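The block underneath contains the structure these notes are about, expressed in structure tokens.
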Amino acid sequence: MKQYSETIKESILAKLLTPNGSSVVDLSKEFNIPLSTIYLWVAKMNKNNLDKNPATKPASKQSTEYKRQAIADTYSMTVEERGAYCRQHGIFTSNILEWMQESITSAAAENVKAKVQQPLIIENKKLKSDMLRRDSEILRKDKALAEVSALLILKKKADLLWGLGNEED
């Protein structure tokens with residue numbers, strides 16, 4: 001496999017990108033480089049350019065920071081200014097409106113979640129304290145029941161030993 005220098009790659013790509021530049025087939029014949037190699041260079045260049053520029057990603061793949069920045073930038077703009085901003089950044093006005101709605105919805109959901117969790121925490125604490133109080137009550141009653149049972153058994157045994165039970169003559 002033949003290796004090509006970076007300068008040759010760059011010069012061929014530059015000739016391809018110039019307006020009314022040479023075609024891939026012409027450059028392949030001129031420099032005696034396979035078509036597939038030139039197409040591979042073009043694909044790598046396009047991939048690198050896409051990775052560097054976040055505006056070239058589809059709107060659904062944008063990062064949260066990018067979306068928030070776009071919302072902040074266009075919040076106070078007029079419709080025309082927002083349209084120009086969107087054209088410049090390669091997004092649609094509908095994307096920004098959708099991102100605003102998502103932001104509002106998520107903020108509202110977080111707010112509701114926080115409001116719901118607080119009473120649940122307080123209620124959970126009350127339930128725990130009630131359970132502890134009931135458990136201690138049950139334990140106290142179990143001890144009292146065990147004591148009464150022991151006393152009753154002792155009384156029966158004492159009655160049998162001393163003969164103090166109901167005697168029928």
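A simple spin-label model places the labels of LEU132 and LYS113 2.9 nm from each other, with each point 7 Å out along Cα-to-Cβ. Working from label points 7 Å from Cα in the Cα-to-Cβ sense, the SER5 to VAL42 distance is 2.5 nm. Here the Karplus curve 6.51 cos²θ - 1.76 cosθ + 1.60, taken at θ = phi - 60°, turns the phi angles of the stretch 76-93 into couplings of 9, 7, 6, 4, 5, 5, 5, x, 5, 4, 5, 4, 5, 9, x, 10, 9, 4 Hz, with x standing for Gly and Pro. Between ILE71 and VAL148, the contour length at 0.36 nm per residue exceeds the alpha carbon distance by 20.2 nm. In straight-distance terms, cross-link reach from LYS126 covers every one of the lysines whose alpha-carbon lies under 29 Å from its own, apart from those fewer than eight places away in the same chain; here that gives LYS113, LYS115, LYS141, LYS143. Prolate is the label for the stretch 69-169, because a/c, from the alpha-carbon gyration tensor with a ≥ b ≥ c as root eigenvalues, is 1.5 or above and a/b exceeds b/c.
Values in this text are rule-based calculations from the coordinates and carry no lab data. Here the structure is a predicted model, which means the values were calculated and not measured. We place every Cβ from the backbone using ideal geometry, glycine too, and count neighbours over all the protein chains shown.
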